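Worksheet for the structure shown next.
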Amino acid sequence: MADTHVNGAPLWRSPSGDVTTVTIVLADDHPLVRRGLRMLLDAEGRVEVVGEAGDVGAALRKTRAHKPNVLVLDLNMPGGSSLEAIPKLLEASPSTGIVVLTMQDEPHWARAALRAGALGFVLKEASDAELLDAVQAAVAGHEYLSPRLGARIAAEPQAAQPPDGLSNRELEVLGLLTLGYTNMEIAHRLYLSLRTVESHRSHIVRKTGRTSRAELVSYARENGLFAQASLDGWYGAAGGHVGRDSRCQRRGRE
């Protein structure tokens, strides 16, 4: 962030170019993560964390109440889909720039978040400086994408629009299915009921015409929806499924 600091403090500028004090709401279901983010941002100067939220509903309420310059939003929280909530959050506070901070490192998630209206997409494994760059970009009304993800997106084919009329939620479920998650594990990960996941899966099968998991993996690859390496990592595991969460060992067929 060269030329953006004065006396060690960042020079936050609004889209009009004015130096401003930045208000931020932090939305993550882990208090420890929120505490770390608050400490990082408080140390920057001209930044005020005006609210915290631990679920999607609270994020919507805090955003509506505070109208912050920036909302730092985790993708996986209780209370619904953060991805589907982005348009509602922007409706509640149109001037708020949303920076997604997540462990989801598939290019699909970044595309979906930016398409929904987020300005930034940063991985939780990124450096502090990267998050600050994303927040600063959002304050100025600019998009920011994690450089590592940007390189992966540039290197792989991508669909301009979700194919076959798949919704954002259906794309989320499809992504986890192709990574080997069972219906129950998807329900737990997305904070949905098992019946809801089964309904989404039924819609995916009907819209894509693909029924087996191998066919869905092939469909995702053909449409450039998910990172090639991750698809090959699952599909190449003979008889076993390896998902993104190392705590969950896949148990074979559902």
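Rounded to the nearest Hz, the phi-derived 3J(HN,Hα) couplings of segment 60-77 under the Karplus curve 6.51 cos²θ - 1.76 cosθ + 1.60 (θ = phi - 60°) are 5, 5, 5, 5, 5, 6, 9, 6, x, 5, 9, 10, 8, 10, 7, 6, 10, 9, where x marks glycine and proline.
Could you tell me whether segment 5-154 comes out rounded, prolate or oblate from its Cα gyration tensor? Rule is a ≥ b ≥ c as square roots of the eigenvalues, rounded for a/c under 1.5, then prolate if a/b exceeds b/c, otherwise oblate.
Values: a/c = 1.37, a/b = 1.15, b/c = 1.20.
Rounded shape, in that the Cα axes give a/c under 1.5.
Put simply, the amide H of VAL47, placed in the peptide plane, has neighbours under 5 Å in VAL22, leaving out anything fewer than 5 places away on its chain. For LYS67, the lysines whose Cα falls under 27 Å of its own Cα, not counting residues fewer than eight places away in the same chain, are LYS88, LYS124.
If the chain between SER167 and ARG38 were fully stretched, how many nm would it gain, using 0.36 nm times the residue separation less the Cα-Cα distance? Show your work: numbers first, answer last.
Details: separation 129, 0.36 × 129 = 46.44 nm, distance 3.36 nm.
Full extension of this stretch gives 43.1 nm more.
Note: relative contact order over segment 5-154, using C-alpha pairs below 8 Å and six or more positions apart, is 21 percent.
Once backbone amide H atoms are built at 1.01 Å from N, MET103 has LEU75, LYS124 as its partners under 5 Å, excluding neighbours fewer than 5 places away on the same chain.
None of the figures in this text is laboratory data; all of them are computed from the coordinates on show. Computed from a predicted model, the values in this text were never measured in an experiment.
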